[in-house]
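Comments concern the structure below.
What follows is calculated from the coordinates using simple rules that are stated; it is not laboratory data. Just so it is clear, the structure is predicted and the values come from calculations on it, not from any experiment. When we count neighbours, we look across all protein chains shown, and the Cβ atoms used for this are built from the backbone with ideal geometry, even at glycine.
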């Protein structure tokens, strides 16, 4: 696990987060603080409320109760798009790319978003050439430089996840939220994606929902464990793995999300 990471103030402070669907509380009174510059993992057995908590923080879902502060600003009532423009950017469990475009075109579209030209597909190559250097740099960073002109649809699943990393990084996130980044990957791709997470965390904060405890142990500075919609424990991997309540929660986990 990483150690000695210099963390300043808190980038996210969520207090009393609650989400009810009719009479069912998927998340209840969750407090979550993420330190700037850290890798923070959100884990728990099936049905723990991990995905719901993630959706609340990214504003995909509005909370029934509670407050979310990002960089000292209350974003509880803001839209997902506005929050993303503030630098809080999410990648999804299912790879979100344009399959009919090339690898390089996918990254370029993401780079166009801050320019307000994301959907100007008709713009000439000459007009968009200014983005080429940044496209190449991002593809090099995620190990896709050799496949820049390949159709995104033809990439293996692990490579598609790497491309999603590149498109997410193109948005220059300050806080990068990763939803099950190693889900469905073979061991080689898990190692590759873990390396990318470690690499991109050098100058940004990472909050991830992750089921692979080996990945969590290797990467996470702080781990929050959820069970039945509530925070069960928080601390380093050594601390939470020695917690008998955490062990019991995993053994007795129920089906869910």
**OP:** Sticking with the crude label model, points 7 Å out along Cα→Cβ, report the distance from residue 211 to residue 133 in nm, one decimal please.
**Re:** 4.3
Original post:
How high is the relative contact order of the chain, in percent, with contacts defined as C-alpha pairs under 8 Å that are six or more residues apart?
Top reply: 29
Original post:
What spacing in nm lies between the two simple spin-label points modelled at residue 236 and residue 203, each 7 Å away from Cα in the Cβ direction?
Top reply: 2.9
Subject >> Computed over the chain, Cα set: Rg, Dmax in Å >> reply: 18.7, 61
Original post:
Which angle from 0 to 90°, rounded to the nearest 10, does the C-alpha axis of helix 103-112 make with the longest principal axis of the chain?
Top reply: 80
Original post:
Fully extended, how many nm does the chain gain between residue 86 and residue 10 (0.36 nm per residue separation, minus their Cα-Cα distance)?
Top reply: 25.8 nm
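If the chain between residue 24 and residue 146 were fully stretched, how many nm would it gain, using 0.36 nm times the residue separation less the Cα-Cα distance? Write out the running numbers ahead of the final one.
Values: separation 122, 0.36 × 122 = 43.92 nm, distance 4.90 nm.
Contour length minus the Cα-Cα distance gives 39.0 nm.
Given 0.36 nm per residue, what is the gain on full extension from residue 73 to residue 188 after removing their alpha carbon distance, in nm?
37.4 nm
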Original post:
Helix 132-141 sits at what angle to the longest principal axis of the chain, using alpha carbons and giving 0 to 90 degrees rounded to 10?
Top reply: 40
**OP:** Could you check the simple spin-label distance between residue 101 and residue 243, using points 7 Å along Cα→Cβ, in nm with one decimal?
**Re:** 4.1
**OP:** Working from Cα positions, state the angle (0 to 90°, nearest 10) between the long axis of helix 187-200 and the longest principal axis of the chain.
**Re:** 90
